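Only one structure is covered here, and it is reproduced in the block below.
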Amino acid sequence: MDPHGPSQPAAQTSRRRPVLLGAVFAGLALAFTTVPALVAGALHGSRNVGSVTTALGNDLIAYTRDGRSSFGPDLGELVGYWRAWHATKIVICALALVVLVVLARDLWRRQADAITSARWAATGVTILVPFVAIALAANIQSTAAPSVALLQLLPGDAGGALGTALTGVQ
């Protein structure tokens with residue numbers, strides 16, 4: 001160990017690391033909102049939330065009207081789409097959680113060196129960790145039971161055939 005402190009390249013790397021991790025987290029936050037639709041669309045055809053809701057309503061009406069014990073091909077494909085959507089979010093959330101934990105650790109270490117701005121940054125990053133963990137848990141649950149997660153897209157006060165279908169499913 002150098003008695004005169006860290007070498008110049010090591011000090012520069014340690015200063016750049018929080019900035020790099022922050023940029024990676026920002027990229028993952030952006031990916032969280034854009035990449036799931038791309039992945040699910042590549043695997044199951046492109047859809048938007050409006051088309052998913054409409055397709056779900058129509059498929060659910062057919063499912064309950066026909067008295068089937070399993071999903072038809074349209075509803076099965078929609079469930080597959082939703083599962084892929086949330087599985088992608090699981091990967092992104094897990095990566096974001098790792099990045100935030102490493103970033104928080106690095107910032108808290110800097111805070112120990114009495115850098116006040118690092119203390120505020122460490123606190124902010126630490127506060128984000130449970131929110132990302134909750135998003136991870138919610139997406140795990142939505143991947144495990146995508147049909148239940150899909151039902152939440154439908155209006156709770158649906159009338160007509162869709163209301164009847166929802167009552168039949170409950």
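The values are calculated or read from the model by the stated rules, or taken from the named source; none is laboratory data. All of these numbers come straight from a predicted model, not from anything done at the bench. A quick note on method: Cβ atoms are made from the backbone with ideal geometry, for glycine too, and the neighbour counts reach across all protein chains shown. Protein only, heavy atoms only, side chains kept; ligands, DNA and RNA dropped before computing areas. Shrake-Rupley method; radii C 1.70, N 1.55, O 1.52, S 1.80 Å.
Points 7 angstrom from Cα along the Cβ direction at ALA42 and ARG15: gap in nanometres?
Taking the two extended label points, one gets 3.9 nm.
What's the ranking of 127-136, 84-93 by average number of surrounding C-beta atoms within 10 Å, highest first?
Descending mean neighbour count gives 84-93, 127-136.
What is the packing order of peptides 21-32, 96-107, taking the mean over residues of other C-beta atoms within 10 Å and listing the highest first?
Highest-to-lowest ranking by the protection proxy: 96-107, 21-32.
How many nm separate the modelled label positions at ALA23 and THR54, each set 7 Å beyond the Cα in the direction of the Cβ?
Calculated label separation equals 4.2 nm.
Go ahead and collect, in residue order, the members of segment 25-42 whose backbone nitrogen is under 19 Å from a label point 7 Å along the Cα-Cβ direction of VAL98.
Correct set: 25-33, 35-36.
Please work out the Kirkwood hydrodynamic radius for segment 80-127, using every pair of different C-alpha atoms, and report it in angstroms with one decimal place.
Taking the inverse mean of 1/r over all distinct Cα pairs, segment 80-127 comes out at 12.0 Å.
Just the accessible area for TYR81, please: 1.4 Å probe, Å², rounded to the nearest 10?
We get 0 Å² for TYR81.
Each residue of segment 42-47 in order: what ³J(HN,Hα) in whole Hz does its phi give by Karplus 6.51 cos²θ - 1.76 cosθ + 1.60, θ = phi - 60°, with x for Gly and Pro?
5, 8, 10, x, 6, 8
Tabulate in residue order the Karplus-calculated ³J(HN,Hα) for segment 76-89, using 6.51 cos²θ - 1.76 cosθ + 1.60 with θ = phi - 60°, rounded to whole Hz; enter x for Gly and Pro.
For segment 76-89, the Karplus curve yields x, 5, 5, 5, x, 4, 5, 5, 5, 4, 6, 5, 5, 5 Hz.
Please compute the length gained on full extension between ASP66 and ARG105, using 0.36 nm multiplied by the number of residues separating them and subtracting their Cα-Cα distance.
8.4 nm
Order ASP59, ASP66 by their accessible area, 1.4 angstrom probe, all chains in place, largest first.
Descending accessible area places them as ASP66, ASP59.
Under the rule of at least 5 residues apart or a separate chain, name every residue whose amide H is placed under 5 Å from the amide H of LEU153.
Residues meeting the amide H criterion: none.
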